[in-house]
Amino acid sequence: MKTLQITGYGKIENNLAFAEVNIPKVGNNDILIEIHAASVNPIDYKIVEGALKRAIKLTFPTPIGYDVSGIVIKKGEDVTDFELNDEVFARVPRERNGTFAEYIAVDSSVVAKKPNNLNFVEAASIPLVGLTTIQVFEKANMKSGDKVLIHAGSGGIGTFAIQYAKSKGAYVYTTTSTKNVDWIKNLGADRVIDYKKENYLDIVKDIDIVYDTLGKNYTIDAFKVIKSGGKVISIIGELDDETAKELELNSFIRFLLSLKRMRITKQAKKKSAMYKFVLMQPNASQLDVITVLIEKQSLKPIIDKVFDLDKAIDALLYLKEGRAKGKVVIKMK
Ligand SMILES: NC(=O)c1ccc[n+]([C@@H]2O[C@H](COP(=O)([O-])OP(=O)(O)OC[C@H]3O[C@@H](n4cnc5c(N)ncnc54)[C@H](OP(=O)(O)O)[C@@H]3O)[C@@H](O)[C@H]2O)c1
C-alpha cells in the first residue's frame with residue numbers, strides 16, 4: 001500500500017517521502033480500515049520539524065497522521081463491536097499512527113461509527129479537534145452560562161470549540177482576523193473580536209474559562225481576563241506537573257518545566273485560578289458524544305481545503321502557514 005513516511009527531523013519539504021509497504025497485520029482486537037480520508041493537524045508537521053522530540057521518540061522512517069475515516073475491511077477474532085463494511089472514524093494512538101496511507105490497523109477500542117450525516121472527508125476532520133475540545137472543557141468543568149474565551153476561532157480547534165461551547169450553553173468570546181469575522185459570527189460565537197482592529201484585553205473581563213490555543217503571551221494574559229477562581233486550560237502553553245508525570249518525564253525535566261512555568265504559577269496564584277495543560281487522548285465514547293451532536297445538527301464540520309493523498313506534503317505545508325479556515329483534509333478515495 002502507499003503511505004507517507006517521515007524520514008528525519010527538519011523542514012517538511014525535505015523530510016517526508018512516499019513508500020510502498022505491506023498492508024498492516026490485524027491483531028485479535030484490531031480492525032483494518034480502508035482509509036477514505038485523513039485530516040491534517042499541527043502536531044503532524046510539528047513532529048516532522050522535531051518540536052516534540054523530547055516527548056515523542058522516533059526511529060526513521062516512521063508513519064505520519066492521526067485522524068482517519070474509512071471502512072472496516074477486516075477484523076480480529078475478538079472484535080465484537082464492529083462488522084465488515086462499517087463506516088468509522090477515529091483519532092488513532094501515537095504508537096500506531098500513520099493515517100496518511102491507504103490502510104491502517106488499529107485497536108477497535110479507539111474507533112467509533114462515523115456520523116450518518118457526514119461524508120468521509122467531513123468525518124475525518126472531527127476526531128482530534130473534537131476530542132481535544134471535549135477534554136479541555138471537561139477539565140474546566142464548563143457549565144451552561146459560563147463565559148469562555150476561545151482563541152483562534154477560525155482554526156481547526158476554534159471552529160469546533162465555538163460550536164461545542166455554544167451547544168453546552170456557554171457565552172463565547174473568540175478572536176480572529178478581519179477576513180474571518182462574518183463567518184465566525186455565523187458559527188454562533190457571541191462576541192467575535194477582530195484582533196487586527198481590537199485588543200481582546202480591553203473587551204474580555206472576569207470570565208470563567210480561557211481555552212488557550214495560541215500559547216506564549218496569550219497564556220500569561222489569560223490570567224488578566226479570567227475572574228478570581230477562573231480556569232486557564234492550554235493545549236499549547238507550558239506543561240503542568242500532572243501532565244508531565246503522565247508523560248513519564250523524569251524529575252529533572254519536571255523541575256526545569258516548573259521553572260519555565262513560574263510566571264504562570266505566579267499569575268494563577270494571584271487570581272486563585274487553575275492552570276492546566278491538556279494533551280488529548282483517543283476516546284471512542286467521546287466520539288459517540290460528538291456524533292450525537294452532529295446528527296442533531298448542533299455541530300457541523302468546517303472544511304477549508306481538501307488534498308489528494310499524493311499531495312499530502314502540500315497539505316502539511318498549507319496548514320503550517322497558520323491561516324487555515326477550519327480543517328485541512330487528505331482524501332484517499
Ligand atoms: N495539546 C493538545 O492535545 C493539542 C490538540 C490539538 C491542537 N493542539 C495545538 O493547538 C494549536 C491550534 O490548533 P489548530 O488545529 O486550531 O491550528 P490551525 O487550524 O492551524 O490554526 C489556524 C488558525 O489560527 C488563527 N490564528 C493565528 N494566529 C492568531 C492570533 N494571534 N489570534 C487569533 N487567531 C489566530 C488563524 O486565523 P487568522 O488567519 O485569522 O489569523 C487560523 O484560522 C496548535 O498549536 C496545535 O498544535 C494541541
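The values are calculated or read from the model by the stated rules, or taken from the named source; none is laboratory data. In this text the structure is predicted, and so the values were computed from the model without any measurement. Cβ sites come from the backbone with ideal geometry, for glycine too, and all protein chains shown count toward neighbours.
Values as computed for the structure displayed
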| item | result |
| --- | --- |
| Extreme residue, farthest from Lys205 (Cα to Cα), among residues of region 151-179 that are aromatic (Phe, Trp, Tyr) and touching a residue at least 60 places away in the same chain (Cβ under 8 Å) | Phe160 |
| The listed residue being over 19 Å from Ala37 (Cβ atoms) and not assigned by TED's automatic domain parsing to the domain that holds Leu187, out of Ser109, Ser144 | Ser109 |
| Matching entry among Asp190, Asp202, Asp208 (being surrounded by fewer than 18 Cβ atoms within 10 Å (Cβ to Cβ) and under 26 Å from Gln135 (Cβ atoms)) | Asp190 |
| Meets criteria (surrounded by fewer than 20 Cβ atoms within 10 Å (Cβ to Cβ), within 28 Å of Ile302 (Cβ to Cβ) and of a type in the set (Lys, Arg)) for Lys46 | yes |
| Subset of region 317-332 (residues that are touching a Phe, Trp or Tyr at 6+ places or on another chain (Cβ under 8 Å) and near the ligand (Cβ under 10 Å from one of its atoms)) | Tyr318, Leu319, Lys320, Ala324, Lys325, Val328 |
| Among residues of region 252-295, those that are more than 26 Å from the chain's Cα centre (by Cα) and in a strand (DSSP E or B), counted | 0 |
| Residue in region 236-251 that is part of a helix (DSSP H, G or I), more than 23 Å from Leu299 (Cβ to Cβ) and in contact with a Phe, Trp or Tyr (Cβ under 7 Å, 6 or more places away or on another chain) present | yes |
| Selection within region 141-158 - within 8 Å of the ligand (Cβ to nearest atom) and not small (Gly, Ala, Ser) | His151, Ile157 |
| Filter pass, Glu34 being of a type in the set (D, E, K, R) and touching a strand residue (DSSP E or B) at 6+ places or on another chain (Cβ under 8 Å) | yes |
| Every residue from region 173-221 that is within 19 Å of the chain's Cα centre (by Cα) and more than 11 Å from the ligand (Cβ to nearest atom) | Leu187, Ile209, Val210, Thr219 |
